Amino acid sequence: MIYLLKDDYFEVYLASMITSNDKDVIYMLYQPILGHDAVSLYFSLYSEFKKQESVMFSTHESLSELMNLPLNRIQEARRTLEGIGLLRTYYLKKDDQVNYKYVLFAPKSPSDFFNDVLLKGLLVRNIGAKKANQLANMYKSKELDLEGYEEISEKFTSVFHPDLDSNAFSTNIEIDKSFKRKTMDITKEFDRGLFLDSLEKNFRIKSKAIKKVELDELSKLALLYGIEEVVLSDYVAQSVRPNGIDFDMVKKLCLRDQNYSFIGNKAFQSKDIYGGKSDLAKKIELMSSISAFDFLKIKQNNTSPSPSDLKLIEELSSEFGLTSQVINPLVDYVLENYNNTLPKNLVLKIAASLVRSNINSTLDAMNYLHKVKNRKSAKLVEDKPVEINSEDNDLSILLDEIGDN
């Protein structure tokens, strides 16, 4: 063990924004488990974070004086916070100087807290089942009885009428990315080792407890939703059941707390040049770098996909093995050319054709989908939207366009 010394320096960082509601959860639900010292250290470090906006480094001696606690109790409190998942500590010794970096994490929501077998069990062990149930009831939402009522709420688009092609929606605003939920860059492969290591370190779930078929499915979900390995490990820990992983729960958690941006919704033409800083190039870059769920939501004016559309996207990933880099242009093509709908049979037929043609990048998929093949002359001609009367007719026209490869 590395022991704290009074002259050691430290910096504090926030992994996510800590709200007043989070503070209430710390006091009401975590404090009975952690004890006063650990809670005091958590909020003392948060205060140091605010102070370090003007003073970069602090010493552990000053922290000891602030908390009126000796270093050995601060070290034990730190270990407690680390064990519960509220703090991560990084250590660097260079020459004779020691520096620590403390990263504070927000607590789980009350719902997630009581759904976590370990946290709920620790709370019951410390205060008893009766008091634990009383705390749980404090956070229950009031039951809403809507019998006889008609919802007359306005929709976002009917009130604000956003012109998504406006420069206002593409203006870059500088914000601190550390305050967002971290999401995965889908151009990178899912790091299974990092995921399993996080499960063991943070949630005491052995890697051998995860079956290979489950790990394969989790890899696809991570890339489909754009979820970082460490975040996914948290979701899996909440979804472990005696008979295995509850994948429906994992998917629900993946849909929660997502951050999305807007993009102009322009039709593609095959004559456009794939390069430079044009609107098309920006959209290609977007489609190749975000998850399929993110892109579909953007295409739907930032509203969540319907269950049927989401199931279709998951099928493209699980059954056809397509990545988001290929799913995104496929979805974009069908929405743009088939009356802003996603007919299942049509989408699956195109997906099969893309798989047979070994298409695995956004640019290749767009080139493939936005040029049509002339059966007689075998020459490429410009793509243009087709008029459709039925889904069966869609399939027939599509085969004429791309060829039955």
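The values are calculated or read from the model by the stated rules, or taken from the named source; none is laboratory data. On a predicted model such as this, the values are computed, not experimentally measured, just so you know. Here the Cβ positions follow ideal geometry from the backbone for every residue, glycine too, while neighbour counts run over all protein chains shown. These area figures cover heavy atoms from the full protein model, side chains too; ligands, DNA and RNA do not enter into them. Shrake-Rupley method; radii C 1.70, N 1.55, O 1.52, S 1.80 Å.
Does ALA106 satisfy being assigned to a helix (DSSP H, G or I), in contact with a helix residue (DSSP H, G or I) (Cβ under 8 Å, 6 or more places away or on another chain) and not polar (S, T, N, Q)?
Taking the combined requirement at face value, the residue does not satisfy it.
Of ARG78, ARG88, which residue is surrounded by 15 or more Cβ atoms within 10 Å (Cβ to Cβ) and touching an Asp or Glu at 6+ places or on another chain (Cβ under 8 Å)?
Of ARG78, ARG88, the one residue that is surrounded by 15 or more Cβ atoms within 10 Å (Cβ to Cβ) and touching an Asp or Glu at 6+ places or on another chain (Cβ under 8 Å) is ARG88.
Go through the residues of the range 246-254 one by one and say whether even a single one is open to solvent by less than 80 Å² (accessible area, probe 1.4 Å), modelled with pLDDT of 60 or more and more than 15 Å from the chain's Cα centre (by Cα).
Yes - at least one qualifying residue is present in the range 246-254.
Does SER304 satisfy the condition of being open to solvent by 70 Å² or more (accessible area, probe 1.4 Å) and modelled with pLDDT under 80?
Yes, satisfied.
Considering the range 230-243 alone, what residues qualify as being open to solvent by 20 Å² or more (accessible area, probe 1.4 Å) and either in contact (Cβ under 8 Å) with a residue 12 or more places away in the chain or within 20 Å of SER324 (Cβ to Cβ) (or both)?
Those that are open to solvent by 20 Å² or more (accessible area, probe 1.4 Å) and either in contact (Cβ under 8 Å) with a residue 12 or more places away in the chain or within 20 Å of SER324 (Cβ to Cβ) (or both): VAL230, ASP234, ALA237, VAL240.
Failed condition for LYS93, given (1) within 29 Å of the chain's Cα centre (by Cα); (2) of a type outside the set (A, V, I, L, M, F, W, C); (3) not in a helix (DSSP H, G or I), with all others met?
Unmet for LYS93, out of (1) within 29 Å of the chain's Cα centre (by Cα); (2) of a type outside the set (A, V, I, L, M, F, W, C); (3) not in a helix (DSSP H, G or I): (1).
When you go through (1) surrounded by fewer than 16 Cβ atoms within 10 Å (Cβ to Cβ); (2) in contact with a helix residue (DSSP H, G or I) (Cβ under 7 Å, 6 or more places away or on another chain); (3) more than 19 Å from VAL39 (Cα to Cα) one by one for PRO70, which number turns out not to apply?
(3)
Collect the residues in the range 10-50 that are aromatic (Phe, Trp, Tyr) and surrounded by fewer than 20 Cβ atoms within 10 Å (Cβ to Cβ), keeping them in residue-number order.
If the condition is that a residue be aromatic (Phe, Trp, Tyr) and surrounded by fewer than 20 Cβ atoms within 10 Å (Cβ to Cβ), then TYR13, TYR27, PHE43, TYR46, PHE49 are the ones that fit.
Just to be sure before I move on: is MET1 within 28 Å of the chain's Cα centre (by Cα), aliphatic (A, V, I, L, M), modelled with pLDDT under 90 and surrounded by fewer than 17 Cβ atoms within 10 Å (Cβ to Cβ) in the structure I sent?
no
Out of the range 130-165, which residues are of a type in the set (Gly, Ala, Ser), at pLDDT below 80 and open to solvent by less than 100 Å² (accessible area, probe 1.4 Å)?
Within the range 130-165, SER158 is the sole residue that qualifies.
Look at GLY128 and say whether it is closer than 30 Å to LEU87 by Cβ, without any contact (Cβ under 8 Å) to a residue 12 or more places away in the chain and not hydrophobic (A, V, I, L, M, F, W, C).
Here the answer is yes, as GLY128 does meet what is asked.
Go through the range 341-361 and report how many residues are over 22 Å from LYS297 (Cα atoms) and hydrophobic (A, V, I, L, M, F, W, C).
Here the count works out to 4.
Which one is least open to solvent (accessible area, probe 1.4 Å), of the residues in the range 330-359 that are under 15 Å from SER308 (Cα atoms) and in contact (Cβ under 8 Å) with a residue 40 or more places away in the chain?
LEU346
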